[in-house]
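To keep things clear, I will list the structure first and then write my remarks on it.
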Amino acid sequence: MQIRFGTSGWRGIIAREFTWDRVNRVVDAIGLQLQREGRNSIVIGGDCRFLSPELAESTADRMAGYGFEVKLAGGPCPTPVLSHACIKGGHGGVINFTASHNPPLYNGIKFSPWHGGPADSDSTDSIEKIIEEGGKPENGRGSVTSSDLRIDYSLDVQKYLNPDVFRDSGLRVAYDAFSGAGSGLLDRILVDLGASVRVINGTRDPLFAGRQHPEPGESGTADLALQVVSSGASLGVATDGDADRFGIIDENGNFVSPHDFLPLLLNYLVEVKGYTGVAVRSVTTSSLLDRIALDHGLETVVTPVGFKYLGAEMLKGNVILAGEESGGLSIMDHVPEKDGILACLLAAEMVCAGGRGLAAQLDDLWKKYGRVHLSRVDLRLEDSLRDRITGHYFESDPSEIAGLAVRSIDRTDGIKMILESGDWILIRLSGTEPLARIYIQSDSAGKRNDILEKVTAGFCRTGNSE
């Protein structure tokens, strides 16, 4: 069974694919690659999943034995905090034990090189080759220093905030930490800024309080929505297990899709904070972002799915916002990695600065720019379905889909079929789970639903629709 890196690291079911021996093989390959690059320091940490803290400590000792100066997170640590520590300390990379939003039985290793963002394909291909060859680093005399990496992060992240708008705002926030590493960090920053915060699922639980899909999407934030309504909160926020993804609930208890939040945030960053530069989004993210960027005279860059592509654009500089539909974003010269904590803080600032909830702000945005309706359906990939999708779509140029004429095709990631109406359908395979994802975008909710019904009629539908 070969070890393969997806769009965000190597993941597997604990004790089946993800075993201690296989972890050591991956760690050794990363160590050898870093030695070949002349790098001798590394940041190591993990989230709240089964074995993440123990594997982080064991890996720290292992890497020190290879001569590395190791900065070890002193407890469960969010992914963006580890990236921040790597950049701030000038380290050679990050080994992060996390499976992000995957089911509880999974764990994984996410490797980030010196820039703190996700490793690109060339880097992970090299690591895979070293694993197959059984390569190991040379021994040496390193050291392990353990500390709370969240302290420096919590100070530095606030340079992207305006603390004055929080004062006397009466902001009340409900926060679902998803039993993960964001607990005790995001809520503490909000409290220090002057907000009142109610935390749910704030204690470490590798079973995610019974959640089989610990992802802060619409279904995953249903309990949070109830908390917002019952408590009269101004806002509901959520982060997943490693706090790289975000979920937002407005003042009415409704889920704010990233397709809507990202354009709203871009507009705020430009009009209120005066930021300029490029807007970056993944190909599966709503094109409402493009309309707002165009109105402000800004360029939009569209990337394949995976924050390694958005992070690469951030490394070029001059990026206002980089975001994707799965609940990941970063801004400006912050870490070139998803940061759910920063996303939630910015949502809170927008409520304080606007003096109104996000639902009211979105109404104004839609009146000016129109509304885009986008849905996603996840299909479990059995062999027959994989063969069907590959043959009908990936290995051919379809002229129609579900009786709808295809005007043009975009293969930036998967296959995106633009219809005569201007609506589009995108089919791609997940890089982290055995799923096919189908995306539908239309300016009309009715048309979107009609297209969705036609496209999925021949498939055995599982998963979620947002």
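Every number here is computed from the coordinates shown, using simple stated rules; none is lab data. This structure is a prediction, so every number in the text was calculated from the model and none was measured. So basically every Cβ, Gly included, is an ideal-geometry build from the backbone, and we count neighbours across all protein chains shown.
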Item to check | Calculated FRET efficiency for the pair VAL144/ASP387, C-beta based, R₀ 30 Å, to 0.05 | outcome: 0.05
Next on the checklist: Within 12 Å, Cβ to Cβ, of SER143, how many net charges do the neighbouring residues add up to if Lys/Arg are +1 and Asp/Glu are -1?
Outcome noted: 0
Checklist outcome for this item: Exposure-ranked with fewest Cβ neighbours within 10 Å first, TYR160, TYR153, TYR66 stand as TYR160, TYR66, TYR153
Item to check | Distance between the stretch 328-398 and the stretch 403-460 - C-alpha centres, whole angstrom | outcome: 15 Å
Next on the checklist: Please give me the summed charge of the neighbours of VAL272: other residues whose Cβ is under 14 Å from its Cβ, Lys and Arg +1, Asp and Glu -1.
Outcome noted: -2
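Out of all DSSP beta bridges with both ends in the chain, state the antiparallel percent to the nearest 5.
Taking every DSSP beta bridge with both residues in the chain, the antiparallel ones total about 55 percent.
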Checklist entry - Counting each DSSP H run of 4 or more residues in the chain as -39500 (n - 2.57), what helix-only mean residue ellipticity at 222 nm follows after dividing by all residues, to the nearest 500 deg cm²/dmol? => result -10500 deg cm²/dmol
Item to check | Within the stretch 10-150, percent of DSSP bridges classed antiparallel, to nearest 5 | outcome: 40 percent
Checklist entry - Where the centre of each part is set by its Cα atoms, how far does the stretch 145-183 sit from the stretch 284-313, in angstrom? => result 26 Å
Item to check | Ranking of PHE97, PHE5, PHE178 by count of other Cβ atoms within 10 Å, fewest first | outcome: PHE5, PHE97, PHE178
Checklist entry - By count of other Cβ within 10 Å, fewest leading, how are ILE44, ILE109, ILE189 ordered? => result ILE189, ILE109, ILE44
Checklist entry - Assuming R0 = 51 Å, what is the FRET efficiency of ASP363 and ALA15, from their Cβ-Cβ distance, to the nearest 0.05? => result 0.55
Checklist entry - Alpha carbon centre of the stretch 220-280 versus the stretch 1-72: separation in Å? => result 33 Å
Next on the checklist: How charged is the neighbourhood of ARG188? Take every other residue with its Cβ under 13 Å from the Cβ of ARG188, and add Lys/Arg as +1 and Asp/Glu as -1.
Outcome noted: -2
Checklist entry - Using 7 Å Cα-to-Cβ label points, what is the GLU400/MET1 separation (nm, one decimal)? => result 4.5 nm
Checklist entry - If the chain between GLN212 and ILE418 were fully stretched, how many nm would it gain, using 0.36 nm times the residue separation less the Cα-Cα distance? => result 70.8 nm
Item to check | FRET efficiency, ASP152 to LEU226 (Cβ-Cβ, R0 56 Å, nearest 0.05) | outcome: 0.95
